[in-house]
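Structure first, then comments.
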Amino acid sequence: MACCESNKGSLEEDSYDGPVGSLSECALLMQEKERESLLSPSESPGTLMNSSSSSLQNTAPLQGYDVEFDPPLESKYECPICLMALRNAIQTRCGHRFCKSCIEKSIRDAGQRCPVDNEMLSEDQLFPDNFAKREILSLTVRCPNSGCTDKMELRHLENHLAVCQFATVPCPQCQQPIRKGYLEEHKTVECQRRPMSCPDCVASFVFEDKELHEQQCPFASVRCQYCEMDLIRDQMESHCDIDCPKAPIACNFSMFGCKERMQRHDLAQHMQEFTQMHMRYMAESLRGLSLNGTSPKPLRTLGPSILAEDIGAAAPAAACGGLRGAASCSISSAAPQPTDEMQRIREMDGRLVKQDHQLRELIILKETQAGQLAELRRRVSMLEETVKELEAHQCLGIFIWRLRGFSTLLRNQEAGMTVVEHSPGFYTGRPGYKLCLRLHLQTPNAPRCSNFISLFVHTMQGTFDGQLTWPLQGTIRLAILDQGPECQHHMEIMETKPDLQAFQKPVIARNPKGFGYVTFLHLQQLSQKAFLKDDTLLIRCEVTPRFDSTFHREGPAVQPRGPEASISKE
């Protein structure tokens, strides 16, 4: 078999009918083409190592072994003709060694003389040197494949090349030479011709056509350029023509001469503001048709955009007089009009008045409903605040904060964004102090506390503040709950310090000063236990206040937690 590089020799026991001595560039190219012609259509020169030995026996003989020996090849095993390691070593009667194919070629082409000492030499005076052959096959060589560091005896090189993961084979999809070890990854991840299917329309295509398909897929999700609504591509045309409130459209009276264009949701306002102008346009159009001796077409034949219902929906009662004046002026200055045309104009005039009244009623109804809706929203907001306050009263000093969607907070923290969350308020009892928790995920580049969860307690203005003694005194237990069966919670205990601002009576809704732990828990510890379940983190706070008549300025020290933890005031 051949080596993985196309200009390398193979390990087959055969001969080569090539030129004597060093080959010219042209000869090497001819030799390469001959070797490539032996491959099947699915093979390339880089995969010649996988061809069967029977097919190589029918090819032109090769010269010596062109491989890298380790240690380097001794000169006694080097063919004087091809200057490579002896292949099928042959010894002459004058004691010189040659490759079998090299010396036979030399005798046929250059004459029956030894190429070294010019002694007379014929083919029947050549003898196989099996000792040298065995010695050469037992020498250590390096794998010729780039990146492979394996070494083996020359006789085992052929078997190694057949399984070497650094050998290149053509990708069956794009035909590019790829290392065997990366072929599967290339076929599924990198190949530009790898098969894919559209998640929207389930059509099949290759990766290099993905962008083209995404631009044409009828079921792909696209965004309307006017209202930014997400739709499928097949619906976009009808959406822009019929439904989109911000799509630019022409006025319904454009066929009568109105050249205004506006967004669809502004059409009703335009129709209401420019009704008299529209009536003049329509009267002038009717007069022009009469002067030309052409009977005006019925309104329904002029298009659906100016039906009586559309006109009436945007016309106030004041426009009716304008229509009468314009129409009567145009009729009196023109030839006598047919009776049926006059009757049609009167009917249209009556419809305009009726639709104008209906429009005014709808506007009044809309304004009334908008006021009622605003009042309902205000009441709902008040009820929500009342419910939150009632829930806070039920805690009685033990509050569990369910922090949902914690993975989103972690992604923001990894991106270097500031992540701060406040819990709802809760009471320590009835009556009791109102408190809340603050969680802060420290960024990766935060000094001394990077990637830590910081947890603090804040006092809030509450219902019972006037009945309580200030500052707040007592014991606070903070814990992040293990939601697994072992329930190995991470808990810390601290005592309040009455001399700190964090425990004084708040003068605003929430005391800006908090008290707690900057390094409460490292984020890596979240994965060591079941602290996260269903993307939810549970934080428990238990407050036991002391209602002493007097308090000591120097509060007890915080419970020790180790040298890496700290407790701070914010």
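Scanning region 150-175 for residues that are surrounded by 14 or more Cβ atoms within 10 Å (Cβ to Cβ) and polar (S, T, N, Q) yields T168, Q173. Across region 402-430, the number of residues qualifying as open to solvent by 40 Å² or more (accessible area, probe 1.4 Å) and assigned to a loop (DSSP other than H, G, I, E, B) comes to 6. E389 meets each of the listed conditions (1) of a type in the set (D, E, K, R); (2) at pLDDT 90 or above; (3) open to solvent by less than 80 Å² (accessible area, probe 1.4 Å) apart from (2).
Within region 121-147, can you find the residues that are more than 30 Å from H160 (Cβ to Cβ) and either in a loop (DSSP other than H, G, I, E, B) or modelled with pLDDT of 90 or more (or both)? Spell out how you get there, then give the answer.
First, the residues of region 121-147 that are more than 30 Å from H160 (Cβ to Cβ): 121-127.
Across region 121-147, the qualifying residues are L121, S122, L126, F127.
When T386 is tested against (1) free of Cβ contacts under 8 Å to residues at least 12 places away in the same chain; (2) under 24 Å from R510 (Cα atoms); (3) in the same structural domain as N451 (by the TED database), only condition (3) is not met. The set of residues in region 130-164 being touching a residue at least 12 places away in the same chain (Cβ under 8 Å), more than 22 Å from K76 (Cβ to Cβ) and of a type outside the set (A, V, I, L, M) consists of C143, P144, N145, S146, G147, C148, D150, E158, H160, C164. Scoring S423 on the criteria (1) in contact (Cβ under 8 Å) with a residue 12 or more places away in the chain; (2) farther than 30 Å from P545 by Cβ; (3) among the hydroxyl-bearing types (S, T, Y) leaves a single failure, condition (2). Applying a threshold of 6 Å to beta carbon distances and a minimum spacing of six or more residues, or different chains, the list of pairs starting in region 523-540 at a residue that is open to solvent by 40 Å² or more (accessible area, probe 1.4 Å) and ending at one that is hydrophobic (A, V, I, L, M, F, W, C) and not in a helix (DSSP H, G or I) reads R540/I400; R540/A479; R540/L481. Considering region 67-88, the residues that are acidic (D, E) and touching a residue at least 24 places away in the same chain (Cβ under 8 Å) include one that is nearest to C143 (Cα to Cα), namely E68.
When each of A370, A327, A374 is tested for being modelled with pLDDT under 80, among the small types (G, A, S) and out of contact with any His (no Cβ under 9 Å at 6 or more places or on another chain), the lone residue that passes is A327.
Of all residues in region 338-353, those that are under 14 Å from M279 (Cα atoms) have Cβ atoms under 7 Å from Cβ atoms of residues that are open to solvent by 70 Å² or more (accessible area, probe 1.4 Å), 6 or more apart or on another chain, in D349/R324.
Kindly indicate the residue of region 151-171 that is aliphatic (A, V, I, L, M) and in contact with a Lys or Arg (Cβ under 7 Å, 6 or more places away or on another chain) and also farthest from G181 (Cα to Cα) among those meeting that condition.
At the first step, the residues of region 151-171 found to be aliphatic (A, V, I, L, M) are 152, 154, 157, 161-163, 167, 169.
Going one step further and asking which of them are in contact with a Lys or Arg (Cβ under 7 Å, 6 or more places away or on another chain), we end up with 167, 169.
Numbers: A167: 8, V169: 10 Å.
The residue in question is V169.
Looking only at residues of region 223-279 that are hydroxyl-bearing (S, T, Y) and in a helix (DSSP H, G or I), we find that the one that is surrounded by the fewest Cβ atoms within 10 Å (Cβ to Cβ) is S238.
Based on what the data block shows, is Q216 farther than 30 Å from F69 by Cα and open to solvent by 50 Å² or more (accessible area, probe 1.4 Å)?
On the way: farther than 30 Å from F69 by Cα: yes; open to solvent by 50 Å² or more (accessible area, probe 1.4 Å): yes.
Yes.
Filtered by the rule that a residue be open to solvent by 90 Å² or more (accessible area, probe 1.4 Å) and over 13 Å from A220 (Cβ atoms), region 193-204 gives R193, P195, S204.
One line per residue, one yes/no per condition, for (1) assigned to a helix (DSSP H, G or I); (2) assigned by the TED database to the domain that holds R155; (3) exposed (fewer than 12 other Cβ atoms within 10 Å of the Cβ):
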{"site": "I90", "(1), (2), (3)": "no, yes, no"}
{"site": "G95", "(1), (2), (3)": "no, yes, yes"}
{"site": "R108", "(1), (2), (3)": "yes, yes, no"}
{"site": "N118", "(1), (2), (3)": "no, yes, yes"}
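For region 177-190, the criterion of being part of a loop (DSSP other than H, G, I, E, B) and either open to solvent by 90 Å² or more (accessible area, probe 1.4 Å) or at negative phi (or both) is met by none of the residues. Count of region 453-488 residues, restricted to those that are among the aromatic types (F, W, Y) and touching a strand residue (DSSP E or B) at 6+ places or on another chain (Cβ under 7 Å), is 1. The residue of region 440-462 that is farthest from K505 (Cα to Cα), among those that are open to solvent by 20 Å² or more (accessible area, probe 1.4 Å) and part of a strand (DSSP E or B), is F452. Scanning region 463-495 for residues that are exposed (fewer than 15 other Cβ atoms within 10 Å of the Cβ), closer than 20 Å to F531 by Cβ and among the β-branched types (V, I, T) yields one hit, I493.
The values are calculated or read from the model by the stated rules, or taken from the named source; none is laboratory data. In this text the structure is predicted, and so the values were computed from the model without any measurement. Counting neighbours? That spans all protein chains shown, and the Cβs are built from the backbone with ideal geometry, glycine included. Ligands, DNA and RNA are excluded from the accessible area calculation, which covers all protein heavy atoms including side chains. Shrake-Rupley method; radii C 1.70, N 1.55, O 1.52, S 1.80 Å.
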